[in-house]
Each structure stands twice: as structure tokens, then as C-alpha cells.
1. When the stretch 77-101 is examined, which residues are found to be in contact with a Ser or Thr (Cβ under 7 Å, 6 or more places away or on another chain) and within 17 Å of LYS40 (Cα to Cα)?
2. Quick check on the stretch 34-45: of everything there that is of a type in the set (Lys, Arg) and under 16 Å from the mean Cα position of the chain (by Cα), which residue is farthest from TRP104 (Cα to Cα)?
3. Suppose we filter the stretch 56-91 for residues that are of a type in the set (Asp, Glu) and assigned to a strand (DSSP E or B); how many remain?
4. Let me spell it out: the conditions are (1) touching a strand residue (DSSP E or B) at 6+ places or on another chain (Cβ under 6 Å); (2) within 17 Å of PHE47 (Cβ to Cβ); (3) in contact (Cβ under 8 Å) with a residue 40 or more places away in the chain, and TRP104 meets all of them except one. Which number is the exception?
Amino acid sequence: MKKYLFCILLFSIIFTFYNCSSESSELYEQAIEKVKEQLKVPSTAKFQDYEDKYVKFQAPENYSKDDPRKFATVEVIYDAQNSFGAYIRGSNLVVFTDIGNNTWRFLEIIDNDE
């Protein structure tokens, strides 16, 4: 009986981590597409490979702590050509809000270059 419960618990933990990672990587891909729309020459863009650290399930710092919505903030770092042909490194935060049923709606892009 203990082995059975242990197996169920282990499966539940693995399934939870897999879903979070899968959801995070999907959000990262959506964020890249949103950033590409903002670039002058999107075909030249090279993006950082996905890592869990780029996706945070929290509101950005400039949002009210009293806002009841669930947020995902995705950091996208890239190298791309500007309108003069020079390569620049950029960093943006792409903000999504949860609208239910594992569906996220794009809210905004925040320039993260400082």
C-alpha cells in the first residue's frame, strides 16, 4: 500500500513540474513572437534559449499589488539589427494575464534595457 501511495505521489509531482515547464516554454515562445513584431529587422533576431528563469508567474514591479489578476512575466533577451544595420542587444519583459483554462492573454511589452 505504501509503495502504491508513493508511486501516485511521485507521478503527481512529476506531472505538475512537467505542466509548469511546458506552460512556461509555451509562454516564452509567445513572448518571442510578440517581441519580433516590435523589431525593425525581425529576420535577423537571435533569441536566448529557453530557461525557466525567464518566466515568472508574478506581476511586473510597476503593477499594483492589489491587482487580483494572475500574471506571467517573460524576459526576452535578443540580438538583432536596428534600422542602421548595426546589431544591438535588447531585453524586454512581455506581460500576460491568465484568462482561465490555461489560456494567457498578451497585455504589453516593457522595455527592460537599462
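1. Listed by number, the residues that qualify are ILE77, ALA80, GLN81.
2. Top of the filtered list is LYS36.
3. Within the stretch 56-91, residues that are of a type in the set (Asp, Glu) and assigned to a strand (DSSP E or B) number 2.
4. Going through (1) touching a strand residue (DSSP E or B) at 6+ places or on another chain (Cβ under 6 Å); (2) within 17 Å of PHE47 (Cβ to Cβ); (3) in contact (Cβ under 8 Å) with a residue 40 or more places away in the chain one by one, TRP104 breaks only (2).
Residues checked against (1) touching a strand residue (DSSP E or B) at 6+ places or on another chain (Cβ under 8 Å); (2) closer than 15 Å to ILE109 by Cα:
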site: GLU23; (1), (2): no, no
site: GLU29; (1), (2): no, yes
site: LYS56; (1), (2): yes, yes
site: GLN81; (1), (2): yes, no
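None of the figures in this text is laboratory data; all of them are computed from the coordinates on show. If you're wondering where the values come from, they're calculated on a predicted model, not measured in any experiment. Note that each Cβ is placed from the backbone with ideal geometry, even for glycine, and that neighbours are counted across all protein chains shown.
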